[in-house]
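Where a number appears in this text, it was derived from the coordinates with a stated rule and is not lab data. Bear in mind the structure is a predicted one, so any value in this text is a computation, not a measurement. Virtual Cβ from ideal backbone geometry, glycine too; neighbours counted across all protein chains shown.
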Ligand code: BDR
Ligand code: CA
């Protein structure tokens, strides 16, 4: 049986690759995408998600739009976005044809709450964006966390930050929401921080191979990832020449190939106060605190396995 999942995204170049992997991998059944403010304002995230799904022949997958702002910091994205890194990596509109579809009428948060309230089969929730929709769902339904059998989050960092020296973008983008999520008691949480995603870079050579597949997904992935490589080369040069992490797609890859990451079971909390550390995931790798482990955290990833998975999946047509 295929694994059912819902993907919460702020599409975005690497989100787009995650969407295509989730929509095309034969072992997965992508029930819906939910969108949220993050890399770009939420209406662009929604438009991009619809476009990408249409482009790969999966216009049957519904898209629900979620929060336009973090749950507490209403000034984001306007003044905070101007100084952030996201705009460079994520154009407002991705280079795939416009959609003829519309988002669903219900909001992402209503959809999440109702879907998990009624679910009879296990549905994995994969969140690769600021956690605002999840926090709102927790606020709306006190049993929401308990109803989600498995949560996978791309976010945070232990040795690495990307938007500040100590914080990663998805957690920094709505720290109060992230703090709620990690304290909410989800029964099974896997976190893929930058420490893992940077261990699985995709290179210019991989992009050429994806482009050569000649499929809509292969060519779109090559364009999205190629853009990321150019920006990394200019602004955040990577140890592997001409490469980029494709953070969000690794979180989906983990669902079909758990051996892509190596995890440690530890306690994770989120800093919401410190002027230098706001949005930091405090990952208690050495067990120095008193928190009970609430999360399996990935600290390493299989780079070759991840590239092969993308190439294999994007070779097929929908
Ligand atoms: C995360 O931030 C976003 O820019 C990416 O889409 C990814 O989800 C990486 O820090
Ligand atoms: Ca994202």
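Taking 8 Å as the Cα distance limit and 6 or more residues as the minimum spacing, I'd like the relative contact order of the stretch 54-213 as a percentage.
Relative CO of the stretch 54-213 lands at 23 percent.
Divide by every residue of the chain the summed helix terms, -39500 (n - 2.57) for each DSSP H run of at least 4, and state the resulting mean residue ellipticity at 222 nm, rounded to the nearest 500 deg cm²/dmol.
It comes out at -11500 deg cm²/dmol, rounded to the nearest 500.
Return the whole-Å distance between the Cα centroid of the stretch 110-138 and the Cα centroid of the stretch 260-307.
Value for the Cα centre distance between the two parts: 22 Å.
Which whole-number percent gives the relative contact order of the stretch 3-314, counting Cα pairs below 8 Å spaced six or more residues apart?
With pairs under 8 Å counted, the relative contact order is 20 percent.
Return the percentage of antiparallel bridges among DSSP beta bridges fully within the chain, rounded to the nearest 5 %.
DSSP beta bridges in the chain are roughly 30 percent antiparallel.
In 5 Å bins starting at zero, report the fraction of Cα pairs in the stretch 177-227 per bin as a rounded %.
With 5 Å bins starting at 0, P(r) equals 4, 17, 16, 13, 12, 10, 11, 11, 4.
From Cα pairs below 8 angstrom and at least 6 apart in sequence, can you work out the relative contact order of the stretch 187-318, rounded to a whole percent?
37 percent
Return the single residue from 197, 46, 99 with maximal mean-square fluctuation; model: Gaussian network over the chain, springs between Cα atoms under 10 Å.
99
When a footprinting reagent is the concern and you count Cβ atoms within 10 Å, what order do 224, 111, 169 take, fewest first?
111, 169, 224
With springs only between Cα atoms under 10 Å, which of 175, 193, 122 fluctuates most in a Gaussian network model of the chain?
122
Quick check: from the Cα gyration tensor, does the stretch 52-186 come out rounded (a/c under 1.5), prolate or oblate?
oblate
Compute the whole-percent fraction of alpha carbon pairs in the stretch 147-255 spaced more than 19 Å apart.
52 percent
Which values, in whole Å and largest first, are the semi-axes of the equivalent ellipsoid of the chain obtained as the square root of 5 times each eigenvalue of the Cα gyration tensor?
The equivalent ellipsoid of the chain has semi-axes of 26, 23, 20 Å.
Taking square-rooted eigenvalues a ≥ b ≥ c of the alpha carbon gyration tensor, is the stretch 6-130 rounded, prolate or oblate, where a/c under 1.5 means rounded and, failing that, a/b exceeding b/c means prolate?
It is oblate, given that a/c is not under 1.5 and a/b is not larger than b/c.
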